[in-house]
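Enquirer: Got a structure here, written out as structure tokens. Questions coming.
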Amino acid sequence: MPAVALPSTSPTTLETPAGGAFAVIFTRLPALLRLTCGLVGAVVALSVRTPPVEPALLVPAVAALTAWSVWYAYRALRHGIGGPLMAGDVAATTAACLAIPLLVAPEVLPGEGSWIAVLASTTVINAQATAPARWSVPAGLLVTAAYAVGAHAAGQPDEAAAHAGTLLVQTACAAVMTAIMRRRIGRADAAFVAHQRLTREALVARTVREAERRQNRDLHDTVLATLTMVGLGAVPAPSAALRERCAADLRTLTALADARSAPADGPAPLDERLRAVRARLPELPVAAELVPVQVPAPVAEALAESAYAALSNVARHAPGATAALRLARVAGIAVVEVADDGPGFDPATVPAHRYGLRESVIGRMSAVGGRAEISSHPGAGTRIRLEWAGGD
């Protein structure tokens, strides 16, 4: 039998959706915040140019900061926010804060409402959201110190103290909030990764079990079925029929192994598969009524092998009985029926350890999403109905 292909359980393939969502949110929001504040700040800065503001310095400075805001947003949205981009933003804001005496009119500086004050607040908040605390907190402190120095140089010590305090609070609050979110998101992703690993391990285990069950079914329906017939005396020895049956079992196992090594795609003719099943049991009289039905190749294999298992039971347990094999398509459902006029049995009395009907028929059909119905009574023969929805 071919080796079973198992799903990959490499941790590199596991998803971390919470971390990914955090990265997206805390990249887009800072980018949009920087772009909006940059554009609005440019309009506000250019609208107030009273001395000591020098338009010859103000206009180039505002143009450079606006261009930086646009570049920052573009890079952030396309490539994310890395250390160099954050460092550049902090450097540009620090330079603007130190140049407050030349860039902000004295009458608009008090009240923490100047465009430089807004620029500084935006920068410290963005830094906390986009960088680890070991870098973002010092960056916030640097911007705070630069603003305090610039406001003092402009002759506004009260404004320097007031907005410096605001920037410190913004730095602390944004850093704490981001740290908490990162920690919680990390735990959520760790739990999700653990769940994915458990799910994949369960899938691997289920795949292995199903492969074992499938191989057991194949052995039961071929070699073990033949040995059982020999043990029950159903085949006299020496017997040409026995040799042919053994050769057919070997061909069947080889064909099953080849089919699983290179699984077929697309539909398969179920009626042809059932004719081949009938030919594998030359010693059993079987009346066949088979209409053309197309189903996926794995389904055709399951239906055909289930029918073979049912017919093999007739040959083993009801010597001299005749059987009927029918294939029909009813309302989009592929229906295979196997009936015999043998002695029948009571399905409720079948021991739990008996493998035939439980795995070779019911288990095999369940594995492809189909169903099997077994009707039998002592003295009334047996009828097995196999169904799979979707036959063409």
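Enquirer: Would you check if there is a residue in segment 120-132 being farther than 25 Å from Tyr72 by Cα, free of Cβ contacts under 8 Å to residues at least 40 places away in the same chain and out of contact with any Lys or Arg (no Cβ under 7 Å at 6 or more places or on another chain)?
Expert: Looking through segment 120-132, none of the residues is farther than 25 Å from Tyr72 by Cα, free of Cβ contacts under 8 Å to residues at least 40 places away in the same chain and out of contact with any Lys or Arg (no Cβ under 7 Å at 6 or more places or on another chain).
Enquirer: Restricting attention to segment 106-137, which residues are among the aliphatic types (A, V, I, L, M) and part of a helix (DSSP H, G or I)?
Expert: Val108, Ile116, Ala117, Val118, Leu119, Ala120, Val124, Ile125, Ala127, Ala129, Ala133, Val137
Enquirer: What are the residue pairs meeting all of these: first residue in segment 330-347, first residue part of a loop (DSSP other than H, G, I, E, B), second residue at pLDDT 90 or above, Cβ atoms under 6 Å, and 6 or more apart or on different chains?
Expert: Gly344/Thr382
Enquirer: Here's another thing I want to ask about it. Pick out the one residue from Arg49, Arg28 that is outside any helix (DSSP H, G or I), charged (D, E, K, R) and at pLDDT below 90.
Expert: Arg49
Enquirer: While we're looking at this one, here's another question. Cβ-Cβ distance below 9 Å, separation of 6 or more or different chains: which pairs start in segment 166-188 with a residue that is within 17 Å of Thr144 (Cα to Cα) and end on one that is acidic (Asp, Glu)?
Expert: Sorted first by the residue in segment 166-188, then by its partner, the pairs are Thr166/Glu112.
Enquirer: I've got another one for you. Of the conditions (1) more than 18 Å from Thr178 (Cα to Cα); (2) surrounded by fewer than 22 Cβ atoms within 10 Å (Cβ to Cβ), Leu141 clears all except one; give me its number.
Expert: It is condition (1) that Leu141 fails.
Enquirer: For residues that are modelled with pLDDT of 85 or more, crowded, with 16+ Cβ neighbours inside 10 Å and touching a Phe, Trp or Tyr at 6+ places or on another chain (Cβ under 9 Å), tally how many sit in segment 340-392.
Expert: Residues that pass the stated criteria total 5.
Enquirer: While we're looking at this one, here's another question. Could you tell me whether segment 278-295 includes any residue that is acidic (Asp, Glu) and closer than 17 Å to Trp388 by Cα?
Expert: No.
Enquirer: Continuing with the same structure: How many residues does segment 85-105 hold that are assigned to a loop (DSSP other than H, G, I, E, B) and either surrounded by 21 or more Cβ atoms within 10 Å (Cβ to Cβ) or modelled with pLDDT of 95 or more (or both)?
Expert: Here the count works out to 1.
Enquirer: Can you tell me which residues in segment 63-84 are surrounded by fewer than 21 Cβ atoms within 10 Å (Cβ to Cβ) and either closer than 21 Å to Val149 by Cβ or of a type outside the set (Gly, Ala, Ser) (or both)?
Expert: Answer for segment 63-84, where residues must be surrounded by fewer than 21 Cβ atoms within 10 Å (Cβ to Cβ) and either closer than 21 Å to Val149 by Cβ or of a type outside the set (Gly, Ala, Ser) (or both): Ala64, Thr66, Trp68, Val70, Trp71, Tyr74, Arg75, Leu77, Arg78, His79, Pro84.
Enquirer: Would you mind telling me which numbered condition in (1) part of a helix (DSSP H, G or I); (2) over 22 Å from Arg209 (Cα atoms); (3) of a type in the set (Asp, Glu) Glu283 fails?
Expert: (1)
Enquirer: Let me confirm something: among Ala154, Ala146, which residue is assigned by TED's automatic domain parsing to the domain that holds Val24, under 14 Å from Thr94 (Cα atoms) and touching a helix residue (DSSP H, G or I) at 6+ places or on another chain (Cβ under 6 Å)?
Expert: Of Ala154, Ala146, the one residue that is assigned by TED's automatic domain parsing to the domain that holds Val24, under 14 Å from Thr94 (Cα atoms) and touching a helix residue (DSSP H, G or I) at 6+ places or on another chain (Cβ under 6 Å) is Ala146.
The values are calculated or read from the model by the stated rules, or taken from the named source; none is laboratory data. None of the values given here were measured: they were computed from a predicted structure. Reconstructed Cβ throughout: ideal geometry from the backbone, glycine too, with neighbour counts over all protein chains shown.
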